Amino acid sequence: MGLKPHASGDYSITVAQANSALEDQGQVFTSPSATFVGVYDGHEGPEASHFITHHLFPLLHKFALEGGGLSAEVIKRAFDATEEEFIRLVKRSWMARPQIAFFGSFCLVGVIFDNILLL
């Protein structure tokens, strides 16, 4: 992707596919006060990484609003809630798609807020 603007400058993302199916996801959200970067390394399939892409940042935003701002605790809470929601999905889908229990993802998230990097 070409250069895109964010609160502190410009950014660009490149994805290199090593597997036959792309299991990894990445995302960047920017606002005037913060930049959020997420990298999700899928394991055994793309489902977990796709799930995280659609759930982690909305939960992070929700908890930051509820808590009055961003903090390491807000990030941890968003990770925990995302994991709990994925586990619920696995339990609901188990009978129709037992392979869903083998999907996973490594996650790395960075948030720049008030010129402080939170990981």
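The values are calculated or read from the model by the stated rules, or taken from the named source; none is laboratory data. If you're wondering where the values come from, they're calculated on a predicted model, not measured in any experiment. Positions of Cβ are backbone-derived with ideal geometry, glycine not excepted, and every protein chain shown enters the neighbour counts. For the accessible areas, the whole protein counts, side chains as well, though only heavy atoms, and no ligand, DNA or RNA atoms are used. Shrake-Rupley method; radii C 1.70, N 1.55, O 1.52, S 1.80 Å.
Give me the residue from the stretch 87-114 that is of a type in the set (A, V, I, L, M) and in a loop (DSSP other than H, G, I, E, B) and, out of that set, most open to solvent (accessible area, probe 1.4 Å). Can you show your working first?
Narrowing the stretch 87-114 to residues of a type in the set (A, V, I, L, M): 87, 89-90, 95-96, 100-101, 108-109, 111-112.
Among the residues that remain, those that are also in a loop (DSSP other than H, G, I, E, B) are: 95-96.
Numbers: Met95: 167, Ala96: 92 Å².
The selected residue is Met95.
What pairs come up if the first residue lies in the stretch 85-97 and is closer than 22 Å to Pro58 by Cα and among the charged types (D, E, K, R), the second is assigned to a helix (DSSP H, G or I) and open to solvent by less than 50 Å² (accessible area, probe 1.4 Å), and their beta carbons are under 9 Å apart, counting only those six or more places apart or on different chains?
Close Cβ pairs satisfying both conditions: Glu85/Phe51; Glu85/Leu59.
Starting from the stretch 99-110, take each residue that is modelled with pLDDT under 80 and list its partners that are of a type in the set (A, V, I, L, M, F, W, C), counting only C-beta distances under 6 angstrom and pairs at least six apart or across chains.
From residues that are modelled with pLDDT under 80, the pairs are Ile100/Val90.
Within the stretch 65-86, track down each residue that is assigned to a helix (DSSP H, G or I) and open to solvent by less than 80 Å² (accessible area, probe 1.4 Å). Let's see the steps before the verdict.
From the stretch 65-86, those assigned to a helix (DSSP H, G or I) are 65-67, 72-86; that's our starting set.
Matches in the stretch 65-86: Gly67, Ala72, Val74, Ile75, Ala78, Phe79, Asp80, Ala81, Thr82, Glu85, Phe86.
Could you look through the stretch 22-44, keep only residues that are among the β-branched types (Val, Ile, Thr) and touching a Gly at 6+ places or on another chain (Cβ under 7 Å), and pick out the one that is least open to solvent (accessible area, probe 1.4 Å)?
Among those that are among the β-branched types (Val, Ile, Thr) and touching a Gly at 6+ places or on another chain (Cβ under 7 Å), it is Val37.
With the condition kept exactly as written, say whether any residue in the stretch 45-55 is in a loop (DSSP other than H, G, I, E, B), surrounded by 12 or more Cβ atoms within 10 Å (Cβ to Cβ) and on the phi > 0 side of the Ramachandran plot.
Within the stretch 45-55, one or more residues are in a loop (DSSP other than H, G, I, E, B), surrounded by 12 or more Cβ atoms within 10 Å (Cβ to Cβ) and on the phi > 0 side of the Ramachandran plot.
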